[in-house]
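Chemist: First, the structure itself, so that you have it in front of you.
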Amino acid sequence: MSETPTATPFIDVLIIGSGAAGLSAALHLPVELNVTILSKGPISAGSTPWAQGGIAAALGGIEDVEQHVDDTCRAGNGLPDGQVVRRVVEAGSRQINWLLELGMPFSSESTQLHLTREGGHGARRVAHAADHTGRTLMETLLEAVQARPNITLMEHQLAIDLITTQRLGLTEESNCCIGAYVLDLAEDRIHTLRARHVILATGGAAKAYLYSTNPDSSTGDGIAMGWRAGCRVANMEFMQFHPTCLFEPRAKSFLISEAVRGEGGLLLLPDGTRFMPNYHPDAELAPRDVVARAIDAEMKRLGIDCVYLDISFKGKAFIEQHFPMIHQRCLEFGYDMTRQPLPVVPAAHYTCGGIDVDEHGHTDIAGLYAIGETSHTGLHGANRLASNSLLECLVYGEAAAAHITAHHAEACSRNWSVPGWDESQVSDADEAVVVTHNWDELRRAMWDYVGIVRTTKRLERAQHRIALLRREIHDYYAHFRISNNLIELRNLVEVADLIVRSALARHESRGLHFIRDYPETDPACAHHNTVLTPLNRSHPQGEPPHRP
Ligand code: FAD
Ligand code: SIN
């Protein structure tokens, strides 16, 4: 099932993840470097193709930049890192121009880009391709990647764990990442990939929750792999819930874009009354944490299953022009948004925390980068501003590529041999159903106990269940041959634990973290990130000794 590792030559840059972050990093690397991009599913497996609203970018000069900085910091409840915010926001127009050069067909109005608006933005600032920005972005980036002979795209390759010098017991060295063990799902064998630089671009972890807007790939693999390898992880308590996911079981997590509210959509109770003006002066366009919490409160107050989002009064022509994909999809489920309000509920959407990185996307481990939703850069603070995620993916893709280019020569001076994956002490799984049950149990516990409104007691309850599940999964991992379900579950339980530990560590309510025991925001915590540090030991966290 594994291969002789020394037979595989060093890859210059191994990028784990083929979303906006991974693809843009690859495109910014020089053609002299050989680059391999892995996706655990098809290339389109991540969240990027699902993005609807657009890419936030201050295209209106200095004043717009200042306002975008302010909006990002305000939405993030004061916690974003001001320097990071400024750097990312200032790069916005360069990123949009780069995409235009690549041929990205943004929606436009006469000769200008059409800019839409979303919650928390004080102005129209979101460049988009109708309501399918992510799909169009993927097509644009992929076309450019496929034209580059130095880039190899590999589908159905599931990274299991990073290979580090510490993992190999080379403790005299500072910890350095030199590759990854990867399960080839097509051929059912494990590759030992050696690389000069590794980029984690594996997306978020919203699948830790029962209800999520995310595709199945969002199992926090990069965060868990980075953590096990020795990286610090920050602000995991800030899981963003999107206020408006279609309430329709057959739709499996279909998002109704915030741009619907940006273009005038109203949130209504079943009797047709608006409620958002009671919660925030910006009503439907308040920051996302406020809107999601308001919907949650109204649903609990009235004992209702959903609220409603109405934009029918804008007329058919307007809706078909601005929201063609959403309109079509809703029609498939029997909802005509040109004539009726849509039933909506909040769902887990975006992981604001992640692997802690510097301005280059570099982690605590030499040669290892984390970019996109997997990372914590300091941009989002306690609540991400809408459409700032794709911008962050593009900015940090470029930054990581520049840093790698500058440090490539020194990375080439190192040459380690790496042991292959050892399957000699494991057997075939006896009851695969255990894995399925644990998936369900974990995601339900997170939804019930670590959701939009938290209490210390519920968090402790979740922690207790997670500890039991973690032990069981670890045991399973140690004794049985691995499968994709097991690997993802092992990562998900790790990330769930990090979320709960971070939530218990923050003794205030701020942004997405609302806890009844500490309902106020504590000004003393305004610059306090929740940073978890892994135990520093030569054998990675919780690793069975026979796994290399
Ligand atoms: P992803 O696009 O999620 O890609 C992750 C990649 O990693 C995939 O290729 C996956 O196969 C791979 N992968 C994961 N684990 C492994 C592993 N173990 N081994 C190998 N490969 C692995 N943001 C905005 O800014 N604007 C929007 O309008 C917007 N709308 C959204 C709408 C929806 C429905 C959703 C779900 C998100 C939206 N977001 C939006 C958020 C944004 O889309 C994501 O944060 C962003 O696309 C993440 O990009 P990424 O490159 O970091 O990861
Ligand atoms: C949306 O279109 O509502 C999603 C935007 C985002 O998550 O940034």
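The values are calculated or read from the model by the stated rules, or taken from the named source; none is laboratory data. Everything numeric here is computed off the predicted structure, so don't read it as measured data. Every residue, glycine as well, gets a Cβ built from its backbone with ideal geometry; the counts of neighbours run over all protein chains shown.
Chemist: For Gln67, state whether it is of a type outside the set (Gly, Ala, Ser), under 25 Å from Met276 (Cβ atoms) and within 16 Å of ligand 1 (Cβ to nearest atom).
Modeler: Answer is no for this residue.
Chemist: What number of residues in the stretch 108-131 are surrounded by fewer than 19 Cβ atoms within 10 Å (Cβ to Cβ) and more than 16 Å from Asn388 (Cα to Cα)? I'd like the intermediate steps shown before the answer.
Modeler: Of the residues in the stretch 108-131, the ones surrounded by fewer than 19 Cβ atoms within 10 Å (Cβ to Cβ) are 108-114, 122-124.
Cutting the leftovers down to more than 16 Å from Asn388 (Cα to Cα) gives us 108-114.
Number of matching residues: 7.
Chemist: Sticking with this one: Looking only at the stretch 233-250, which residues are assigned to a loop (DSSP other than H, G, I, E, B) and farther than 30 Å from Asp358 by Cβ?
Modeler: Hits for the stretch 233-250 are Phe247, Glu248.
Chemist: If you don't mind, another one. Would you be able to say whether some residue in the stretch 222-235 is within 25 Å of Ala130 (Cβ to Cβ), within 16 Å of ligand 1 (Cβ to nearest atom) and in contact (Cβ under 8 Å) with a residue 24 or more places away in the chain?
Modeler: no
Chemist: Within the stretch 40-64, take every residue that is of a type in the set (Gly, Ala, Ser) and over 24 Å from Ala144 (Cβ atoms) and give me the one that is farthest from ligand 1 (Cβ to nearest atom).
Modeler: Of the stretch 40-64, the ones of a type in the set (Gly, Ala, Ser) are 41, 44-47, 51, 53-54, 56-58, 60-61.
Applying the additional criterion that residues be over 24 Å from Ala144 (Cβ atoms) yields 58, 60-61.
Values: Ala58: 14, Gly60: 18, Gly61: 22 Å.
If we take residues in the stretch 40-64 being of a type in the set (Gly, Ala, Ser) and over 24 Å from Ala144 (Cβ atoms), then Gly61 is farthest from ligand 1 (Cβ to nearest atom).
Chemist: Ala411: modelled with pLDDT of 95 or more and either touching a Phe, Trp or Tyr at 6+ places or on another chain (Cβ under 7 Å) or away from ligand 2 (no atom under 16 Å from the Cβ) (or both), yes or no?
Modeler: It is false that Ala411 is modelled with pLDDT of 95 or more and either touching a Phe, Trp or Tyr at 6+ places or on another chain (Cβ under 7 Å) or away from ligand 2 (no atom under 16 Å from the Cβ) (or both).
Chemist: Another question, if that's okay. For Asp216, state whether it is away from ligand 2 (no atom under 16 Å from the Cβ), under 17 Å from the mean Cα position of the chain (by Cα) and acidic (Asp, Glu).
Modeler: Spelling it out, Asp216 is indeed away from ligand 2 (no atom under 16 Å from the Cβ), under 17 Å from the mean Cα position of the chain (by Cα) and acidic (Asp, Glu).
Chemist: Tell me, please, whether a residue that is over 18 Å from Ile55 (Cβ atoms) and within 16 Å of ligand 2 (Cβ to nearest atom) can be found in the stretch 360-369.
Modeler: The answer is no; no qualifying residue exists.
Chemist: Pick from Leu469, Leu489, Leu498: which is under 27 Å from Val182 (Cβ atoms), among the aliphatic types (A, V, I, L, M), surrounded by fewer than 22 Cβ atoms within 10 Å (Cβ to Cβ) and out of contact with any His (no Cβ under 7 Å at 6 or more places or on another chain)?
Modeler: Selected residue: Leu469, the only one of Leu469, Leu489, Leu498 that is under 27 Å from Val182 (Cβ atoms), among the aliphatic types (A, V, I, L, M), surrounded by fewer than 22 Cβ atoms within 10 Å (Cβ to Cβ) and out of contact with any His (no Cβ under 7 Å at 6 or more places or on another chain).
Chemist: Please find, among Leu99, Leu59, the residue that is more than 16 Å from ligand 2 (Cβ to nearest atom), assigned to a helix (DSSP H, G or I) and either under 18 Å from Val126 (Cβ atoms) or touching a strand residue (DSSP E or B) at 6+ places or on another chain (Cβ under 9 Å) (or both).
Modeler: Just one listed residue meets the conditions, Leu99.
Chemist: Do any helices (runs of 4 or more DSSP H) lying entirely in the stretch 287-340 carry at least 2 residues that are crowded, with 21+ Cβ neighbours inside 10 Å and in contact (Cβ under 8 Å) with a residue 24 or more places away in the chain, and which ones are they?
Modeler: Because the criterion is at least 2 residues that are crowded, with 21+ Cβ neighbours inside 10 Å and in contact (Cβ under 8 Å) with a residue 24 or more places away in the chain, the helices (runs of 4 or more DSSP H) in the stretch 287-340 that meet it are 288-302, 324-332.
Chemist: Output the residues belonging to the stretch 447-458 that are buried (at least 21 other Cβ atoms within 10 Å of the Cβ) and touching a Leu at 6+ places or on another chain (Cβ under 7 Å).
Modeler: Scanning the stretch 447-458 gives Tyr449, Val450.
Chemist: Sticking with this structure for a sec: Please identify the pairs in which a residue from the stretch 133-159 that is hydroxyl-bearing (Ser, Thr, Tyr) has its Cβ atom under 6 Å from the Cβ atom of a residue that is more than 14 Å from ligand 1 (Cβ to nearest atom) and in a helix (DSSP H, G or I), counting only partners at least 6 apart or on another chain.
Modeler: Every condition considered, the pairs that remain are Thr140/Leu102.
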